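Any read-out appearing in this document is the output of simple, stated calculations on the displayed coordinates, not a laboratory observation. All of these numbers come straight from a predicted model, not from anything done at the bench. Using ideal geometry, Cβ is built from the backbone for each residue, glycine included, and neighbour counts are taken over all protein chains shown.
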Amino acid sequence: MNPLSLGLLGLFLATTSTILYATDSAFRPQHPESLSTKSQILNPKSQISELRTLNSELLLTNSPLRNPQSAIRNPQFVLPPLGLPSAVPIPDTNPLTPEKIALGRRLFFDRRLSPNDTMSCAMCHIPTQGFTVNETRLAVGINGKTTKRNPPTIYNVAYQRLLFHDGREFTLEDQIISPMTNPVEMGNPSIGYVVNKVRKLPGYEEQFQHVFGEGVTVATLGKALASYERSLLSGNAPFDRWYFAGDQNAVSEEVKLGFKIFSGKGQCVTCHTANKDAALFTNQGFHNTGVAQLQLIPEKTVDVDLGGGLTVKMPRTQVDEILTPPSQDLGRYEVTLDPTDLWRYKTPSLRNVALTAPYMHNGALLTLEEVIDYYDRGGTGADGQDPRISPLNLSSQEKQALLALLHSLTGDNVKALAKESGDIPH
């Protein structure tokens with residue numbers, strides 16, 4: 001169930017019993033059964049087979065390697081799908097194993113990690129919606145509270161040097177603390193509260209003991225969730241099969257034209273970088289695109305997903321009365337306190353971008369067509385906007401070619417990754 005409906009439940013239960021029937025199972029807290037904990041560390045072939053099952057193209061090997069894009073030393077590396085950098089940063093303190101991934105995945109979808117058993121990580125990173133939320137501009141947290149940003153996708157998050165739109169966190173292991181203790185996200189009073197609660201949930205303490213040799217702690221909780229998130233690698237897109245594997249039939253001529261524009265007239269590659277061997281389509285830098293000053297015209301109605309296949313339209317004014325208005329957002333400045341970082345946000349990867357609407361840090365642009373039009377007209381021209389953003393004067397044909405290119409960046413395993421989320425025992 002979409003998290004927005006949590007804030008709307010009271011309104012709808014008063015008017016229709018059908019909604020209660022359709023959403024009852026979705027509102028119940030998840031109670032995953034203990035997953036298989038049979039050790040496979042001493043059986044490399046079995047370990048590789050299970051990890052492939054868990055995450056499509058993942059493969060574990062034992063070659064120590066330092067990723068040139070990261071300061072993290074890898075005790076082993078993941079051989080990712082075509083198009084992604086060959087070395088994935090995995091810290092020495094948290095080597096990747098199938099057991100950690102399984103435990104992290106179980107935690108990721110468990111709503112009991114919030115005080116009232118309603119919010120899980122997956123409520124703002126929905127697998128079937130590109131591991132973000134497609135239905136609202138901003139994430140909706142506990143008790144219908146609105147956050148101030150659009151949740152970023154976590155596809156290929158293993159490669160990110162800094163995390164969150166403002167880059168305030170450095171590792172996936174530590175990153176979990178922020179959303180879990182944010183009063184408008186998962187709403188826990190402290191990370192210690194979460195640890196204590198997980199310890200008491202059936203099956204978790206035993207599984208943590210098996211996987212880590214110790215029980216639930218802040219460190220082991222972070223390592224488990226980080227392991228699952230690192231496993232969400234997605235590549236081998238049609239673009240990859242053409243550009244990196246040389247299959248000329250993998251994409252259309254329109255896509256090829258789109259990449260020519262992307263790399264030339266459109267200037268997209270300036271920030272959404274690609275090289276000869278791999279492409280994350282981000283320089284991982286921070287930029288003021290002017291979109292923070294974009295004046296939004298609110299929609300008159302909002303589609304609200306109530307779960308159970310039931311969607312209703314509500315007036316925007318009514319939704320706004322229920323939800324908590326977001327706080328002011330100053331971007332990277334909130335981390336550095338450097339005035340030049342006002343309204344600068346991290347450049348997102350464009351992989352699977354067709355699945356991750358709405359766009360920009362605040363969800364201001366609802367479609368890829370709107371994004372292309374925005375950059376074509378040179379942004380808003382607001383003070384501090386990156387000077388590289390200027391009018392492009394693209395033709396309709398060139399815009400369509402760019403759109404075709406962006407759609408060609410969807411990995412071939414996105415359905416498999418989404419399906420895995422439905423395989424979590426309840």
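List of remarks:
- Extension gain for residue 206-residue 117 works out to 29.9 nm (0.36 nm per residue, less the C-alpha to C-alpha distance).
- Peptides 226-234, 362-370 ordered by average Cβ neighbours within 10 Å, highest first: 226-234, 362-370
- Computed over segment 156-196, the P(r) curve from all C-alpha pair distances, binned at 10 Å from the origin, holds 29, 48, 23, 0 percent per bin.
- Rg over Rh for segment 172-278 works out to 1.24, using Cα positions for both radii and the Kirkwood form for Rh.
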